[in-house]
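Visitor: Okay, handing you the structure first.
Taken together, the values in this text are just the output of simple stated rules run on the coordinates, not laboratory data. From a predicted model like this one, the values you see are computed outputs, not experimental measurements. Neighbour counts run over all protein chains shown; Cβ positions are idealised from the backbone, glycine included.
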């Protein structure tokens, strides 16, 4: 997770960009912070999806095979 300070800075730069514009240095900082945020988000989402077990209404495991292979490699869900 990104630190509270970095999230605050991302939001500040976004508001400033809309209100008055950013300097080239601020634009570069904003780009770097956004890339870091996206990387952290994707890592968390990937972990969440790889840990998921999909079950249909009848109770059958219908988790995609690709996800099952990842879970087996990581030792999740007894696979």
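Visitor: Mind ranking 44-50, 66-72, 19-25 by how tightly packed they are, going by the mean number of other C-beta atoms within 10 angstrom, highest first?
Guide: 66-72, 44-50, 19-25
Visitor: Further, regarding this structure: Helix 65-74 versus the longest principal axis of the chain: what angle, 0 to 90°, nearest 10, using Cα atoms?
Guide: 80 degrees
Visitor: A further question follows. Simple spin-label model, 7 Å along Cα-to-Cβ: residue 26 to residue 45 in nm?
Guide: Modelled inter-label distance: 2.8 nm.
Visitor: Hey, another quick one. What is the angle, in °, between the Cα long axis of helix 24-50 and the longest principal axis of the Cα atoms in the chain? Nearest 10 is fine, range 0 to 90.
Guide: Rounded to the nearest ten degrees, it is 10.
Visitor: For a quick protection proxy, order the peptides 32-42, 54-64 by their average other-Cβ count within 10 Å, most packed first.
Guide: 32-42, 54-64
Visitor: State, as an integer percentage, the relative contact order of the chain based on alpha-carbon contacts under 8 Å between residues 6 or more apart.
Guide: Computed over the chain, the figure is 20 percent.
Visitor: Then there's this: Starting from the 7 Å offset along Cα-to-Cβ, what nm value, one decimal, do you get for the label separation of residue 11 and residue 62?
Guide: 3.9 nm
Visitor: For the chain, count all C-alpha to C-alpha pairs, find those more than 19 Å apart, and express that count as a whole percent of the total.
Guide: More than 19 Å apart: 56 percent of the Cα pairs in the chain.
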